[in-house]
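The values are calculated or read from the model by the stated rules, or taken from the named source; none is laboratory data. The shown structure was predicted, so the numbers you read here are calculated from the model rather than taken from an experiment. Note that we place each Cβ from the backbone using ideal geometry, even for glycine, and neighbour counts take in every protein chain shown. Heads up: the accessible areas ignore ligands, DNA and RNA and are worked out on the full protein's heavy atoms, side chains in. Shrake-Rupley method; radii C 1.70, N 1.55, O 1.52, S 1.80 Å.
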Amino acid sequence: MEESTFFRHSDNPTLKPKLGIVKGVIPDWLKGSLIRNGSGIRHVGNETYDHLFDGLAVIHRFYINNGQVTYNSRQLDSECYNRAMAAQRIVISEFGTLGMPDPCDTYFAKFKSLFIAGEEKPVDDDISDNCGVNVGFYGDQLYAMTETVFTRRINPETLETIGERTRIRDYVTVNSATAHPHVLEDGTMLNMGSNYRHNKGPHYCIIQVPPSYDSEETAYKGAKILAEIPCSSKLYPSYYHSFGMTEDKIIFIEQPFYISIPRFMVSQYIRTKTIKECLVWQPNTKTKFHVVCRKTGQIHPILYETDDLFTFHHANAYEEDGNLIVDVTGFDDANVLANL
């Protein structure tokens, strides 16, 4: 049986744009680039990444002009990629795949790196910068994104990786951020991240990043925290992949699919579990909808609840006849994640 394209191994870059064969007609007025990324390199040496999310990132670009389309691609020049290629094995752990870093690194240092967001010189060697989930412009700066504290800037034409990786927590106090920010009319980006170091326990944070133009410095230099939502449990913060937004509201779904901090702490010492294996589904637990004012960051006093559900992506959110409508792709449980 032919292997699904989702799991295809793609380690042969197309550095020079290649002219495609057009079937039908592309209108002359259509011009621009479609840039996507994703898990591309599935094998390193004799090892294979175990989860759909985990393969080393490859960036793809389709350029449309004068009724023609060219294609080019390039692997993301990340620390994950370079260390894996040098060692010819998986070095840095991904969502569902255990890596084998330098055995001389201490587990205590690794734990500090992941959960102490305010460290001046945290040890980040074992945190993934394999930004293969999404791409987006922050002003004129194009970034490849994942769900850790790292993002990578890339050239929108050649797809080359620009400079060093951007560590988001150098600018706002978070330990992670989603790869699905929302862009406002003026180019401002809104995103969500988690802060496990808050003095009142873990919080979900709304991050605001102004657009940046004609600058060598990262757009994140102007980032700030717009709002902080306390986690319902100090030991079990919710996992989330995206969030919703209307013209004046931000909607965050705190679903009963949690990161087990105790399980995660143990896994860092004995290295037997991936992040995926540190996630816990708690059935018969209410799903909570937090609503935040987009302009002021004020949290709505009413917390909305529904039955347990799991979601990856928000499809839409809007207000109609005094009601707040939130469209998501919902599942009865989180098994879909384990089966990828």
Output the residues belonging to the range 67-96 that are aliphatic (A, V, I, L, M) and either open to solvent by less than 20 Å² (accessible area, probe 1.4 Å) or assigned to a helix (DSSP H, G or I) (or both).
-> L76, A84, M85, A86, A87, I90, V91, I92
If you go through the range 320-336 one residue at a time, do you hit one that is in contact with a Pro (Cβ under 6 Å, 6 or more places away or on another chain), crowded, with 18+ Cβ neighbours inside 10 Å and either at negative phi or not in a loop (DSSP other than H, G, I, E, B) (or both)?
-> no
Of the listed residues (I35, I26, I59, I64), the one being among the aliphatic types (A, V, I, L, M), touching a residue at least 24 places away in the same chain (Cβ under 8 Å), surrounded by fewer than 18 Cβ atoms within 10 Å (Cβ to Cβ) and not in a loop (DSSP other than H, G, I, E, B) is I64
Report yes if some residue within the range 178-186 is small (G, A, S) and either touching a helix residue (DSSP H, G or I) at 6+ places or on another chain (Cβ under 7 Å) or open to solvent by 10 Å² or more (accessible area, probe 1.4 Å) (or both); otherwise report no.
-> no
Out of (1) surrounded by 19 or more Cβ atoms within 10 Å (Cβ to Cβ); (2) in a strand (DSSP E or B), the one G163 does not meet is (1)
What is the one condition in (1) out of contact with any helix residue (DSSP H, G or I) (no Cβ under 9 Å at 6 or more places or on another chain); (2) under 14 Å from V149 (Cβ atoms) that V172 does not satisfy?
-> (1)
Condition met for T70 (modelled with pLDDT of 95 or more and of a type in the set (V, I, T)) = yes
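Rundown of residues vs (1) open to solvent by less than 60 Å² (accessible area, probe 1.4 Å); (2) out of contact with any helix residue (DSSP H, G or I) (no Cβ under 9 Å at 6 or more places or on another chain), yes/no style:
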{"residue": "A227", "(1), (2)": "yes, yes"}
{"residue": "S232", "(1), (2)": "no, yes"}
{"residue": "L235", "(1), (2)": "no, no"}
{"residue": "S238", "(1), (2)": "yes, yes"}
{"residue": "F243", "(1), (2)": "yes, yes"}
{"residue": "T246", "(1), (2)": "yes, yes"}
{"residue": "I259", "(1), (2)": "yes, no"}
{"residue": "M265", "(1), (2)": "no, no"}
{"residue": "K273", "(1), (2)": "no, no"}
Can you tell which of V58, V133 is modelled with pLDDT of 95 or more and out of contact with any Gly (no Cβ under 6 Å at 6 or more places or on another chain)?
-> V133
Expected single match for open to solvent by 60 Å² or more (accessible area, probe 1.4 Å), in contact (Cβ under 8 Å) with a residue 12 or more places away in the chain and either in contact with a Phe, Trp or Tyr (Cβ under 8 Å, 6 or more places away or on another chain) or not acidic (D, E) (or both) among E277, E305, E254 is E305
From the option list K288, K295, single residue qualifying as open to solvent by less than 50 Å² (accessible area, probe 1.4 Å), without any contact (Cβ under 8 Å) to a residue 60 or more places away in the chain and out of contact with any His (no Cβ under 6 Å at 6 or more places or on another chain) is K288
Just a yes or no: is a residue in the range 144-152 over 21 Å from G55 (Cα atoms) and either over 17 Å from the mean Cα position of the chain (by Cα) or at pLDDT 95 or above (or both)?
-> no
Of the residues that make up the range 13-30, is at least one modelled with pLDDT of 95 or more and among the hydroxyl-bearing types (S, T, Y)?
-> yes
